[in-house]
């Protein structure tokens with residue numbers, strides 16, 4: 001399997017956490033992709049040209065992080081699935097997964113979108129920033145230090161570490177977003193939770209560690225070509 005992803009380990013990647021928890025990280029070949037840099041086009045295998053994208057040994061491309069993590073978890077060689085079997089617990093886990101993934105998407109929009117439609121940037125921030133605060137408020141309220149680590153937690157680690165990376169440094173200057181914003185000071189329960197959960201090996205093995213590999217555009221193109229060749233091969237069978 002190949003995992004096309006952005007090798008920015010200043011935040012913890014949900015997909016990497018899941019692969020490690022499943023005990024299958026050594027079966028995955030990471031491929032560095034920087035979607036906003038020239039030469040890293042993966043549109044031939046993902047019409048959205050987005051990471052992460054997981055390709056299987058037959059060239060089948062799986063995209064959408066929620067689909068990828070569920071697939072990786074299904075391959076787990078361990079007995080600790082990140083998806084609880086009890087339906088009530090599972091539904092709550094998926095709700096927390098959606099909460100964290102949406103927070104991540106909102107943060108991405110704040111860093112990338114220069115304008116919202118034809119409106120001014122300030123209106124865009126007025127629309128999004130309260131959603132960040134309400135998400136954090138819910139997460140802080142629902143913090144459970146005794147809960148078994150699950151996919152909702154993996155997604156929450158992903159979102160919180162990305163939040164810490166980009167706010168306030170990489171978001172627009174605005175009276176709405178505090179220039180000294182630090183979620184750990186404002187959400188004490190989340191701070192305690194993160195300090196505990198960040199000790200997991202599935203997080204420590206890559207979080208805040210430099211990417212060790214070839215992250216050139218040529219390497220990305222080579223792997224995309226390999227995937228396309230596999231697709232053609234299996235299509236003809």
Worksheet, complete the sentence: Considering residues that are in a helix (DSSP H, G or I), under 19 Å from the mean Cα position of the chain (by Cα), surrounded by 13 or more Cβ atoms within 10 Å (Cβ to Cβ) and touching a residue at least 24 places away in the same chain (Cβ under 8 Å), the number found within the range 175-209 is 7
Worksheet item: When the range 61-76 is examined, which residues are found to be out of contact with any strand residue (DSSP E or B) (no Cβ under 9 Å at 6 or more places or on another chain) and surrounded by 19 or more Cβ atoms within 10 Å (Cβ to Cβ)?
Response: 65, 69, 73
Worksheet item: Can residue 230 be described as over 23 Å from the mean Cα position of the chain (by Cα), surrounded by 17 or more Cβ atoms within 10 Å (Cβ to Cβ) and in contact (Cβ under 8 Å) with a residue 12 or more places away in the chain?
Response: yes
Worksheet item: Of all the residues that make up the range 29-60, how many are touching a helix residue (DSSP H, G or I) at 6+ places or on another chain (Cβ under 7 Å) and either surrounded by 19 or more Cβ atoms within 10 Å (Cβ to Cβ) or assigned to a strand (DSSP E or B) (or both)?
Response: 9
Item to complete: Report, by residue number, each residue of the range 140-174 that is more than 25 Å from residue 22 (Cα to Cα) and assigned to a helix (DSSP H, G or I).
Response: 140, 141, 163, 164, 165, 166
Practice prompt. Looking only at the range 4-28, count how many residues are surrounded by fewer than 23 Cβ atoms within 10 Å (Cβ to Cβ) and assigned to a loop (DSSP other than H, G, I, E, B).
Written response: 9
Worksheet item: Which residue out of 167, 157 is farther than 25 Å from residue 29 by Cα and either surrounded by fewer than 12 Cβ atoms within 10 Å (Cβ to Cβ) or assigned by TED's automatic domain parsing to the domain that holds residue 104 (or both)?
Response: 167
Worksheet item: Can we say residue 115 is modelled with pLDDT under 95 and either assigned by TED's automatic domain parsing to the domain that holds residue 218 or in contact with a helix residue (DSSP H, G or I) (Cβ under 7 Å, 6 or more places away or on another chain) (or both)?
Response: yes
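The values are calculated or read from the model by the stated rules, or taken from the named source; none is laboratory data. In this text the structure is predicted, and so the values were computed from the model without any measurement. Don't worry about glycine lacking a Cβ; one is built from the backbone with ideal geometry, like all the others, and counts go over all protein chains shown.
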